[in-house]
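See structure below.
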Amino acid sequence: MRTVLIEPTENPKVMKFVADYNLIPGSLELDRNSDISEIPLAQELFNYPFVERIFITANFVAVAKQDTVEWEHVVESLKNVVEDELLANPRIYLQKKKEMYQIYAEMTPNPNVMKFVSNQLLMEGFVEVKSKEAAEEVPLAKAILKDFDFATEVFISDNFVAVTRDNSVEWHQVMMAVRALIAEYLQNGGEISKIEPQKHENPVEKIINRDYTEDEQKISDILNEYVAPAVENDGGKISLMEYDQANKTAKMLLQGACSGCPSSTATLKNGIENILKQFVPDLVEKVEAVNG
């Protein structure tokens, strides 16, 4: 972590942010008309409308502000910007600034599945890899399955990667290693998938190659509005696979963390079935699970 100290100057409009090393040879004076395309620190500081000028020399950055704000309200924010940008570009000028991926692990209702969530969008839609053989076209999944023998399936959707383990390990033993691999892979610009992600709106179309009937669409709309957000938050996906009109039975396709989850049956019965009975009582009396 770069240490930056705040140092007032004789000019009340100017504050110095002092680093523990020399930033650049010579000096640099910038205003809002300067070319700052290669200076991320200046770009970030000028995002604050009250910043008028920036002066960089020796081991400090001096910032001149407008009179519309008081230093006590903004100085800590500016200090944080300077620290962050010096960490990313110690020599001020742009050094191929990489996109920073932050990954954190999150439990799901399925004890075999851990969700690794990114602060950046990974794809629009989702891909599911059920075996090592099926991973050739999904390089991120291939890397995970290749490095970890205990990993059996990978589900990538939006901003997370859900990994399924076998019974040879517990997550507390391997969670940090998987998180580190995913973060390093993404940070190094690794390709996530060569195949087109399936779309969230109606993945069943691709699976059974048909359009929904009017009744099926009503059921699907309820799922998308009231059920899907919570299920996806747990690292899974649920879609209407089939509807038996005669028996008023809706069959659900479970994917990601939901597939094979011991609590998924209870979730279907206690939650989803009740929701569908409430909103479309004339259509649904029972729901059944089909694991993806």
(request) Quick one: in segment 219-273, of everything that is part of a helix (DSSP H, G or I), polar (S, T, N, Q) and at pLDDT 75 or above, which residue is nearest to the chain's Cα centre (by Cα)? (result) Asn224
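Is it fair to say Glu124 is within 20 Å of Ser239 (Cβ to Cβ) and either touching a Ser or Thr at 6+ places or on another chain (Cβ under 9 Å) or crowded, with 23+ Cβ neighbours inside 10 Å (or both)?
It is false that Glu124 is within 20 Å of Ser239 (Cβ to Cβ) and either touching a Ser or Thr at 6+ places or on another chain (Cβ under 9 Å) or crowded, with 23+ Cβ neighbours inside 10 Å (or both).
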(request) Would you be able to tell me the number of residues in segment 62-116 that are over 27 Å from Ile6 (Cβ atoms) and of a type in the set (Asp, Glu)? (result) 2
(request) Considering (1) over 31 Å from the mean Cα position of the chain (by Cα); (2) surrounded by 12 or more Cβ atoms within 10 Å (Cβ to Cβ); (3) part of a helix (DSSP H, G or I), say which one Lys79 fails and leave the rest. (result) (1)
(message) Condition first: assigned to a helix (DSSP H, G or I) and touching a strand residue (DSSP E or B) at 6+ places or on another chain (Cβ under 7 Å). Now tell me which residues in segment 82-132 satisfy that.
(response) Val82
(message) Go through (1) over 28 Å from Ala228 (Cβ atoms); (2) in a loop (DSSP other than H, G, I, E, B); (3) modelled with pLDDT of 90 or more for Glu137 and report which single condition fails.
(response) (1)
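The values are calculated or read from the model by the stated rules, or taken from the named source; none is laboratory data. Note that the structure is predicted; figures quoted are calculated from it, not measured. Note that each Cβ is placed from the backbone with ideal geometry, even for glycine, and that neighbours are counted across all protein chains shown.
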